[in-house]
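Report on one structure; see the data block that follows.
What follows draws every value from the coordinates through simple rules; no lab data is involved. Nothing here was measured: the structure is a model prediction, and the numbers come from that model. Cβ sites come from the backbone with ideal geometry, for glycine too, and all protein chains shown count toward neighbours.
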Amino acid sequence: MLSTRKTLNGNQSIAEAVRQVDPEVIGAYPITPSTAIIETIAQFKADGMISGEFVCPESEHSAMSVCIGASAAGGRVMTATASQGLVLMYEMLYIAAGLRLPIVAAVVNRALSPPINIHCDHSDSMGGRDSGWIQIYSENCQEAYDNFIQAFRIAEHMDVRTPVIVGLDGFIISHSMEVIQVEDDEAVRSFVGEFTPLHSLLDTEKRFSVGPLDFTDYYFEHKRNQLEGIENSTQAVAAVGEDFGRIFGRKYGFFEEYRTDDAELCILVMSSAAGTCKDAVDILRHKGKKVGLIKPRLFRPFPHKEIAAALCPFEAVAVLDRSVSPGSFGGPLFSEVRSALYDCEKRPKIVNYIYGLGGRDIKVEHFLEVAGKLEAIADTGKIEEACGYINLRE
């Protein structure tokens, strides 16, 4: 099994994974900052490097409609989008999940309008967090590549059959070059395996309905059946991540813990900002400060039991969100984490900070500031501000 090291950006890393998996249908409409994924796939198709059908319809809504039709017909299917493109897909996201179609989507996270902004935050995918899709987030190009390959195994697991979003931060990851380990083509295809559809519209011997009308008689039961897939996916995520590590040497779980063994304070942050936070944690450790990091990878379904078990030993925890949930008490990640801790007999003081909206930088000094706030909370036992902002001009 031969692997190679290539210098790729995040978009190219996703496209490389697509080339290796070679889905039957790719339905996508380009939008910044995910355009290069589609451009690279189109070039692969033109060069005869992929055999699947590449369809570029007139909008993202139509692109997801193509994916739904192709998946219902029994194909392995993927797409890529960002920001307003994902929002235009929202109607169809619910249908894809409700039909238990194992579509895989790369979402290059970008702020939503208005004002118009092409840079990173997580408001696009977080806006679709209740659509029924599994959501996995990536810190860097290597994780984006690895996560996208694993996403097909997770989505297509017989106990899951639920679509998956793989998030990567716009520009910060999508356009940043990194040397990544690209695995052998045949090894990747062997890992993903052959796709076996549960049903196919093209199989005229086994007729079934897709998208029928459903009123008070069975809607509740059918919706409960849909939830079964995403609830079962936690076991699939863990098993696939374990298997990926055994074969390729990079193991994945629900989240990553960094220097938490003897930590008293913890910062919890997703995606690319976690890399910056690791640098801050190293500085703090050098100064004798017992601070650690937890980087969630799986957001939907939210691994509440595992997160609670990991966080309960700390004195104080800061959860950082790169999106807002207008009118709620804190950001989306904070709400999940705080709820997970509710049943713990001993639980840490917990605060929330919104950061990085519209691509605003979060630097090492900002994480040092967060750590200073956590120290004050641990020392006094008091939270002066439960929900605040980092690097914002008030």
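Before moving on, here are some points about what is shown:
- Relative contact order for the chain: 16 percent, from Cα pairs under 8 Å spaced at least 6 residues apart, divided by residue count.
- Contour minus Cα-Cα distance for D203 and R189 (0.36 nm per residue): 2.5 nm
- Relative to the longest principal axis of the Cα atoms of the chain, the long axis of helix 83-98 makes an angle of roughly 70 degrees.
- For Q135, the residues 5 or more places off, or on other chains, whose built amide H falls under 5 Å of its own are I165, F299, R300.
- Each principal axis of the Cα atoms in the stretch 143-219 has its own extent, and those three values, largest first, are 53, 31, 21 angstrom.
- Extreme residue, positive dipole direction of the stretch 4-248, given options A236, A97, T162 (C-beta unit charges): A97
- The phi-based Karplus calculation (6.51 cos²θ - 1.76 cosθ + 1.60; θ = phi - 60°) puts the 3J(HN,Hα) values of the stretch 116-123 at 5, 8, 9, 9, 7, 8, 9, 5 Hz, whole numbers, x for Gly and Pro.
- Net lengthening on full extension, R224/E39 (0.36 nm per residue, minus Cα-Cα): 62.7 nm
- This model, with +1 at the C-beta of Lys and Arg and -1 at the C-beta of Asp and Glu, gives the stretch 27-131 a dipole about its Cα centre of some 240 debye.
- Global form of the stretch 113-166, assessed from the alpha-carbon gyration tensor, a/c cut-off 1.5: oblate
- Quotient of Cα Rg and 2.2 N^0.38 Å for the chain, N being how many residues it contains: 0.98
- Viscosity 1.306 mPa s, 10 °C: Kirkwood-radius Stokes-Einstein D of the stretch 289-394 over Cα pairs, µm²/s: 110 µm²/s
- Share antiparallel - DSSP beta bridges, the stretch 255-389, percent rounded to 5: 20 percent
- Net +/- balance of residues flanking F191 in space, Cβ distance below 15 Å, scoring K and R +1, D and E -1: -4
- Per-q log10 I(q)/I(0), the stretch 288-351, q = 0.20, 0.29 Å⁻¹ (Debye; single scatterer per alpha-carbon; no solvent): -0.81, -1.47
- Taking amide H atoms as placed 1.01 Å from N in the peptide plane, the amide H of A106 lies under 5 Å from those of T79, A80, T81, V166, each 5 or more residues away in sequence or on another chain.
- Per-residue Cβ neighbour counts within 10 Å put H61, H286 in the sequence H286, H61, beginning with the fewest.
- In this calculation the C-beta distance from S51 to Y90 is compared with R0 = 30 Å, giving a FRET efficiency of 0.45.
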